[in-house]
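So the structure is just underneath, and the comments pick up after that.
The values are calculated or read from the model by the stated rules, or taken from the named source; none is laboratory data. Because the structure is predicted, anything quoted here is derived from the model rather than measured. For neighbour counting, all protein chains shown are included, and Cβ atoms are generated from backbone atoms with ideal geometry for every residue, glycine included. We work out accessible area using only protein heavy atoms, side chains counted, and drop any ligands, DNA or RNA first. Shrake-Rupley method; radii C 1.70, N 1.55, O 1.52, S 1.80 Å.
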Amino acid sequence: MQNPQDIFQQQKLIRHDNLLWLLVAQGVVILPLLMQLPMWLWVIWGGSLYWRWKIYAGQRQFPGSISKLAISIAAIAGLLLTYQGAFGVEAMVGFLVFTFIIKLLELRSRKDGLLIIFIGFIAVAAQFLFIQSIWATLYAAVSCMVLITAWKTIYATRELAVKHKLTSGSILLLQAIPLMLVMFVVMPRLGPLWHTPLLNQQAQTGFSETLSPGDIGSLVQSTGTAFRVTFLDDSTPRQSELYWRGLILENFDGRTWTRPRHPHFTDIAPIAKQGDVETVNYEVLMEAHRYPWLFSLANPIKANTGAVRSRITSNGLLVAREPLNTRLQYQVASVNPRDTLIHELSSQQREQLTTLPEGFNPKAVALAKTWRNTLGSPDAIIAKALAFYHQDFYYTLSPPLLGENSVDDFLFSSKQGFCEHFASSFTVLMRAADIPARVVVGYQGGRYDASENYWSIRQADAHAWTEVWLTGIGWQRVDPTSAVAPQRVEQGIDNALQAADRSRIAAGQFSAPQWLTHLRYRFDAANYLWSRWVLSYDAQQQNQLLKQLFGGKEPWRVGLIFLAIISSLMGCYIALVIRPKWQARSPLQKSLSQFDKTCQQWKLQRADHETLAQFCLRLGTKQPQLLEACQRLGALSQAALYDPKEDNQQQLMTALKRFPKE
Amino acid sequence: MSKQKEDFPAPISALQKRFFKWVDKRNPMAKEVLLNRKNLYIFPSLTGLCLFALSFILWLLGTSYQNNLVLALSYLLLSLMIVAIFHTYANLAGLTIKILGVKPVFVNDIAHFSLQLSGHRHRNYENLMVRWRQGEPACFDLQGGQILSVQIPLLANKRGILRPGKLLIESAFPLGVIRCWTWVNLQTSAVVFPQPIKGPFPTQLSRGETGEQGSGGQGTDDFDGLRVYRAGDPIKHIAWKHYAREQGLYSKQYTAQLQRDCWLNWDEFSLYQGEQRLSALCYWALHFESIQQPYGLSLPNKQIKPNIGEQHRLNVLTSLARLNIDGGTL
């Protein structure tokens, strides 16, 4: 009696041809995750697939509970070993992927299939924890399409062509996307609900807390964008003015510059002088670099970092409370350092900022001392030093190795160096000449994208320079590199280096053919828009957008507007689809359907093939009290049919409408 | 077969009762029903609630990590659910169910009600589950333009007229998160014959003196003559030789057969009580039919003259089925 289809239906089993869909969907979903997870999960996946295939071919059984337990224990032990008990996100995702894979061995009923699909969606979400690029999103969209198709096949009871299945799956997805976008835009945003474990394997990028010779030289060789900036005012500073300050290094041990261990936080942020000061307002979209420092132009006086707490230090640096683990968008207002109040240096600070380690770099110290004795004024000393660099120094990415007295070696023998060599040696010279000085690291310049009006600052733009304290003026930036290679500051790093070095910065991106570079710039612009409008869309941006669109962000307003949109859509549907049909009916048809409704009260329904006269006869016999009305109606209907007077039809219609109701 | 599905706890069954009352008011009995927005009901299924929970989990994940793409995925699942409402509705709307009929059955047999399903010419109807309120489900697909005849089983557990009640048609296609269903009141009923139960034939026979009818049974005692064939005459009594000579179709008449016409008399089966009486009558009627013994039926309200053949059998059994023991017919 039962055909095979019924058996699948009633046992709620998954049809064999649909099983393949689930396997494919699972594979598509976990592929990007497996890249982030230990290698042995690949082996487990392969093994499970093989086993499931054998079950399908009828050569093996579904695993018993003991073997399932054994596999699970082994995998959990493996995860514990791999992550050394550090239960971060990776370990959790690893566990998720493992259960996902092992579920294959239990996959037989519809319920199991659904579970696979649901875990699949979680896996897609987990993938977003690792990567959020446009490509990853496109891949996720494909994953969703395959998942939805597999999901739909679970409920399909007949065999369909692959193309048919895929199109119907994509149709579902495409129909859902507009609705999703609306929800994405208007759904209220909340801040993080609790402290979340971090992804621990991802490396920190950018500057560390120390600077040794060669550090920046290796940083500029990495690709990637550090941050992107949009200036909110009409006027933008010139490229040579764009010194993005990140860190201030004050302690020197002869080779390496480090941050002060106990920074003298008087914590008075720079205050703009009274009166109107001109501010530079800009918005920074910072990539997650897993350090707390944020980059800004000197001197920030106001910063809005949204949900992330931050402060401006007395040094004029912007620092977040916690390392930056997600992309952050923040607005800063900076003023010209001259427009800020000058804090006098305490004698202790002065002392600290002019110390040098004993016994290192004697030649450099001696040179500076002679300058101090002969020239006297700090301005003259600075000019002298810059002139000294300008003579026969050489800006290169691959300087010779330096010995123990790195500054002496650099200044007097090799004379070849990258920005950190210049900044470091210049600071040493200044301190030796009793001028308070410090090394600042950050980025210089950037690439301006005219189409989207933003500056893209890459790792390749990493830079180091010096700030000196001048009495009566305050901290002043001096960039010794510009004395050697002015193009570095004015046109960017790719124009300042020789061809051999050029091919090394940003992993050779600058020596690529022009069309490729152009393509890369376009893609960078797309990434910028993506980051700015999609990835960084938060409560603040939502407020702005809703205010622009609807004039406010109150829930009732948004609700009302959507109600209006939906009702107008329905109105259109009624006006364009339903009403024409309704109007196409003749008046007689309308009164007939009204009569049919009346008759439903009398528990009798006119069949499609029945004429009005026949039906009246039937109704009259069934409901004797209606006999008279029925006979009249029957006669009228005949008259209207065979005696084509307008009057007859009219009479019939009135009779139909006024037929006695219960 | 079990009588499952309807044993809900009291509050739910009370709710269901109210729901059915409402359904009855909206959908009167009919021979043919077109499914549309007036008689289709739609609600998230358990899977749908799970999807809701999944969407919430993703929302939590996205919010705690401030990850907009995870949030978007969460909203995508919600949107899918909303889109599925329309798809699930469209999978049932426009379907026409027409009752074709049902063959009579014996008690404890399964009555197969024949329905005809048809739909829009260009629309497929996938994964339809159809069952009577107390019956087992049957599943179908209906492709565009197809007219499908299906049999929906229902256990006939009582003699008489089986009114199957409401027919459930449901589907959760395409995603299983939304369930769309309808309860239609179809005007149909099946005749349920009594269950044949063997028992001794009452002794005060009205059918002649010789005893056991089971053993003899050929009824071919003495050839009496020929008479013109009437529909219902046993095939083996046909005078084939005459037929072969193209003299016409005749039946051979036997004395024994004429004399031994027997009556199944309600009053004589008094040693059985109630339904058992009908069961015994039913058994003997079937028995006489199988041995080609003409038999008549005498009920308090009805008499059927002795005869034999398919039509006669149907008459007799239907009369048994329709007898109201307390008087009258069902």
Quiz item: In the stretch A:290-302, what residues are over 14 Å from A:Ser334 (Cα atoms) and either crowded, with 24+ Cβ neighbours inside 10 Å or touching a His at 6+ places or on another chain (Cβ under 7 Å) (or both)?
Solution: A:Trp293
Quiz item: Do we have B:Ala84 as surrounded by 21 or more Cβ atoms within 10 Å (Cβ to Cβ), among the aliphatic types (A, V, I, L, M), more than 7 Å from chain A (Cβ to nearest Cβ) and part of a helix (DSSP H, G or I) here?
Solution: yes
Quiz item: Could we say that B:Lys31 is open to solvent by 70 Å² or more (accessible area, probe 1.4 Å), within 28 Å of B:Leu100 (Cα to Cα), not hydrophobic (A, V, I, L, M, F, W, C) and not assigned by TED's automatic domain parsing to the domain that holds B:Gly101 here?
Solution: no
Quiz item: Which of the residues spanning the stretch A:141-178 are within 10 Å of chain B (Cβ to nearest Cβ) and not in a helix (DSSP H, G or I)?
Solution: A:Ala156, A:Thr157, A:Arg158, A:Leu160
Quiz item: Here are some residues: A:Leu34, A:Leu49. Which one is under 30 Å from A:Leu138 (Cα atoms), at pLDDT 85 or above, open to solvent by less than 80 Å² (accessible area, probe 1.4 Å) and out of contact with any Phe, Trp or Tyr (no Cβ under 9 Å at 6 or more places or on another chain)?
Solution: A:Leu49
Quiz item: Name the pairs: first residue in the stretch A:634-662 and surrounded by 14 or more Cβ atoms within 10 Å (Cβ to Cβ), second residue among the charged types (D, E, K, R), Cβ to Cβ under 7 Å, at least 6 apart or on different chains?
Solution: A:Ala655/A:Arg632
Quiz item: Of all residues in the stretch A:179-194, which are within 8 Å of another protein chain (Cβ to nearest Cβ), in a helix (DSSP H, G or I) and either touching a Ser or Thr at 6+ places or on another chain (Cβ under 9 Å) or open to solvent by 70 Å² or more (accessible area, probe 1.4 Å) (or both)?
Solution: A:Leu179, A:Met180, A:Met183
Practice problem: Go through the residues of the stretch B:99-107 one by one and say whether even a single one is touching a residue at least 60 places away in the same chain (Cβ under 8 Å), more than 14 Å from chain A (Cβ to nearest Cβ), outside any strand (DSSP E or B) and out of contact with any helix residue (DSSP H, G or I) (no Cβ under 9 Å at 6 or more places or on another chain). | Solution: yes
Practice problem: Run B:Gly62 past the list (1) in a helix (DSSP H, G or I); (2) touching a helix residue (DSSP H, G or I) at 6+ places or on another chain (Cβ under 7 Å); (3) closer than 28 Å to A:Arg110 by Cα and report the number of the one that doesn't hold. | Solution: (3)
Self-check item: Residues located in the stretch B:270-289, provided they are surrounded by fewer than 19 Cβ atoms within 10 Å (Cβ to Cβ), touching a Leu at 6+ places or on another chain (Cβ under 9 Å) and more than 10 Å from B:Pro196 (Cα to Cα)
Solution: B:Tyr272
Self-check item: Residue among B:Gly176, B:Gly135 that alone is assigned to a loop (DSSP other than H, G, I, E, B) and free of Cβ contacts under 8 Å to residues at least 60 places away in the same chain
Solution: B:Gly135
Quiz item: In the stretch A:212-220, is there at least one residue being crowded, with 17+ Cβ neighbours inside 10 Å, of a type in the set (Val, Ile, Thr) and either within 22 Å of A:Leu529 (Cα to Cα) or touching a Gly at 6+ places or on another chain (Cβ under 8 Å) (or both)?
Solution: no
Quiz item: Has the stretch A:224-235 got at least one residue that is more than 26 Å from the chain's Cα centre (by Cα) and open to solvent by less than 50 Å² (accessible area, probe 1.4 Å)?
Solution: no
Exercise. State the number of residues belonging to the stretch B:94-137 that are among the hydroxyl-bearing types (Ser, Thr, Tyr) and open to solvent by 30 Å² or more (accessible area, probe 1.4 Å).
Key: 0
Quiz prompt | Among the candidates B:Arg133, B:Arg123, residue that is farther than 30 Å from A:Cys144 by Cα and basic (Lys, Arg) | solution = B:Arg133
Quiz prompt | Single match in B:Ser74, B:Ser45, B:Ser55, B:Ser64 (criterion: under 26 Å from A:Val124 (Cα atoms), surrounded by fewer than 21 Cβ atoms within 10 Å (Cβ to Cβ), within 14 Å of another protein chain (Cβ to nearest Cβ) and touching a Phe, Trp or Tyr at 6+ places or on another chain (Cβ under 7 Å)) | solution = B:Ser64
Self-check item: Selection count, the stretch B:13-28, where residues are open to solvent by 70 Å² or more (accessible area, probe 1.4 Å) and of a type in the set (A, V, I, L, M, F, W, C)
Solution: 2
Quiz item: Out of the stretch A:472-499, which residues are surrounded by fewer than 14 Cβ atoms within 10 Å (Cβ to Cβ) and without any contact (Cβ under 8 Å) to a residue 24 or more places away in the chain?
Solution: A:Asn495, A:Ala499
Quiz prompt | Which numbered condition B:Ser149 fails, given (1) within 14 Å of chain A (Cβ to nearest Cβ); (2) open to solvent by 50 Å² or more (accessible area, probe 1.4 Å) | solution = (1)
Practice problem: Could you tell me whether any residue of the stretch A:562-577 is within 27 Å of B:Gln66 (Cα to Cα), in a helix (DSSP H, G or I) and open to solvent by less than 50 Å² (accessible area, probe 1.4 Å)? | Solution: no
Quiz item: Given A:Ala564, A:Ala613, A:Ala575, A:Ala512, which one is of a type in the set (Gly, Ala, Ser) and within 28 Å of A:Leu285 (Cα to Cα)?
Solution: A:Ala512
